[in-house]
Structure formats: structure tokens, C-alpha cells
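The values are calculated or read from the model by the stated rules, or taken from the named source; none is laboratory data. Small disclaimer: the values here were computed from a predicted structure and weren't measured. Quick reminder, even Gly has a Cβ in these numbers, built from the backbone with ideal geometry, and neighbours come from all protein chains shown.
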Amino acid sequence: MLHRRRFLQMGSLGLTSFSFLSFKNAASAIRKPIVISTWDAGINANKGAWKVLRSGGRALDAVEQGVMVTEAEQSCCVGLGANPDREGIVTLDACIMDEYFNCGGVAALERIKHPISVARRVMEKTPHVLLVGEGAQQFAVAEGFPLEEQKLSEDAEKSYKEWLKKSEYKPIINVERSKGQNAFVPNKLPNGAWNHDTIGMVAMDADGNLSGSCTTSGMGFKMRGRVGDSPIIGAGLYVDNEVGAATATGQGEDVIRIAGSHLVVEFMRQGIAPEAACKKAVERIIKIKGEKAKEIQVGFIAINKQGEYGGYCIQKGFNFAVCYGDDHNELIDGKYILPPTPKGG
Ligand code: SD4
């Protein structure tokens, strides 16, 4: 388990004390409730989830409400404020999974602010797992979700115009390069947030039940119709209530290739701790990609039924947020396998 504390938000949740009887007194006791999520946007998302968890709510509600915070942040690269595809249209993917293997997802969804909630409706109100494109939008509208205006956010508009200058199709996600190497995508947004497209979240509630969610705008300037790992159960997210839960971020194609989140959960089933399970999944991708692994980023995070957590990624630059108390919402740098690329490389 990682314990490098870079960013502790003591008391930042502004809530009264909540007792963690489950884990406070015995090393072997279960740490719950707990919620973890990808990237620095996870700090705010965890706060949303924690409101549900601390009052004894269900993990499923927590992971939905948690990532809704990020979907609504126009300054973030998740949700309708995010980078568009190469035709200039924002298309969103999301999925959700509960403790009973119920799951739902949407892909290539346009003009809907909260794809995660549509994914939940797919799970709860249809006999299907995944709806895409126009059909997903029709379903959302029929369920009462408002159709938002088709308009790029200021940041996305700027990035898209920059990208159009070369229209170079470079399907690379989240390798945070120094200025100049990846000039059309700013390393950091004006508000200081990293330029990510996704949030994945997994949680265990006070009853010890697990759930997970994942929502994304996908790869910026992707081909029209491209869908990554994030809405695909087993790839971007997986939950097995007997074992644990995992979610992924980064180059979706390579997560799909190894059914990444499912693989992490299967490693945990063998008794492997979350961090080591994430590491093994990352190693699998590196083995497959060979030299090309250094061109991509993939990160996994996971929790198990003991409330242990961990994350791992291919290369430096991935972080995740962990929250298990009113005064404990911490951003942790993910351990990585590949050494940093030499400057200018
Ligand atoms: C995708 N996995 O669409 C997503 C992208 C991502 O931070 O995670 N970006 O492939």
C-alpha cells in the first residue's frame, strides 16, 4: 500500500467526526467506508462520494454522486467541457457496477451532462449493459435527462483550434510531456488541474459492499465513433463483491486488450494486495507493448474487501485520491514501472 502523503486535506470536508470503528483499533480490521478515485480531480469527487458514505449510504450512490462532481466541473476534461473528437463534437462514455454484478454503460453519448447517471439507468431500467450513440441519447431523453447545447467549452475550443492547425491524428493519452512535445494539449489547464479525460472511482460502504464508476470524454481529437475502455465492464471498471474493485485510466485500447480492471480483480482473488495486483496488470501491458510501452500511460487503482487500496501505472505522472475519513482525503502519486523519459525524449 502506498503511503506517500503529498496532499492531505485535513478537515476540508467540513463535516463532523465520523467514527471508523471497523478499522481504528485492530490492524487486521476492515477499513470502511472508503473511496478512491483517479487523478487529482478525485479529491473533489471523493468529497461528493464521502457525503453518501459517511451517512451510511450505499457505495453505488456514492460512486455515482462522486463522479457527477467531476462531470459538472466545466474546467475539467471530463464531461461536456472536455476536448471533442476530431469532428469537433464532445462524445462521452461511462459505466457503473454494483455489488450484485449489475452493470450499465453508455458510449459516444452527446449533449448529456451526466453520462454516469444514464449508465445507471441503463443498468436499472433496461435488460442491457451498454447503449451507444443516438440510441443512448434517445434513452437518456426518454428518461428525462435534458439535452444540453452542442457547444465547446472555452478551453476545449482553444485546444481544438490548435489541434486543427495540423489535424495530426496522434492517439496518445495522458503522457504528460514537457511543453513543446505535445503542444496542442496544455499540460495543465488554467486552473492548475491536469489535463485528463477520465475519472474512475471505486468504493466500499459501511456495510462492506463495493461499487465502481468510470466516466470520460475519451481521447481528445479521437476518430468519430472511437470508444475506449471506460464504458466497458471488465476493461475500464470491474467489481466483484467477494473480492474487490478496480478501475483504469490512460490509453483505453491497451486496457481493453488485457481486460484490465477484471484482470486486477482476478489477481486480488488470488490473494494479491491491490497495489501489487495493479502492478501485475501494468506489467502485462508493458510485456505486450514492448518498446512502445514508453509512448503510453495506463494507470489502475483498486480496493479489496479489507479496505486495502493501491494503484500503479506505466510511467511517472499518475496520481489518485484516497478518502476514508472526514479529515482524510489524500492525493497519492502512483508508483510506476518505466523510468522517466530523458529530457527532450
Ligand atoms: C479512454 N481511458 O478513453 C480513457 C482515457 C483516459 O484520462 O483515461 N484519460 O481511453
Self-check item: A277 vs. criteria in contact with a Ser or Thr (Cβ under 9 Å, 6 or more places away or on another chain), hydrophobic (A, V, I, L, M, F, W, C) and modelled with pLDDT of 95 or more
Solution: no
Quiz prompt | Among the residues listed as S12, S17, the single one being loosely packed, with under 12 Cβ neighbours inside 10 Å and modelled with pLDDT under 90 | solution = S17
Quiz item: So V264 fits all but one of (1) surrounded by 24 or more Cβ atoms within 10 Å (Cβ to Cβ); (2) away from the ligand (no atom under 16 Å from the Cβ); what number is the exception?
Solution: (2)
Practice problem: Scan region 243-261 for residues that are hydrophobic (A, V, I, L, M, F, W, C), away from the ligand (no atom under 14 Å from the Cβ) and buried (at least 24 other Cβ atoms within 10 Å of the Cβ) and jot them down. | Solution: A245
Quiz item: For L130, are the conditions met, namely being within 18 Å of T247 (Cα to Cα) and in contact with a Ser or Thr (Cβ under 6 Å, 6 or more places away or on another chain)?
Solution: no
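Rundown of residues vs (1) modelled with pLDDT of 95 or more; (2) of a type in the set (D, E); (3) surrounded by fewer than 24 Cβ atoms within 10 Å (Cβ to Cβ), yes/no style:
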residue	(1), (2), (3)
H196	no, no, no
G208	yes, no, yes
G218	no, no, no
R226	yes, no, yes
D229	yes, yes, no
Y238	yes, no, no
Quiz item: Taking region 98-111 as the search range and keeping residues that are charged (D, E, K, R) and surrounded by fewer than 22 Cβ atoms within 10 Å (Cβ to Cβ), which one is nearest to L237 (Cα to Cα)?
Solution: E99
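Residue-wise test of (1) assigned to a helix (DSSP H, G or I); (2) within 20 Å of G310 (Cα to Cα); (3) at pLDDT below 50.
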| position | (1), (2), (3) |
| --- | --- |
| R5 | no, yes, yes |
| S37 | no, yes, no |
| K47 | yes, yes, no |
| L53 | yes, yes, no |
| E64 | yes, no, no |
| V67 | yes, yes, no |
| Q74 | no, no, no |
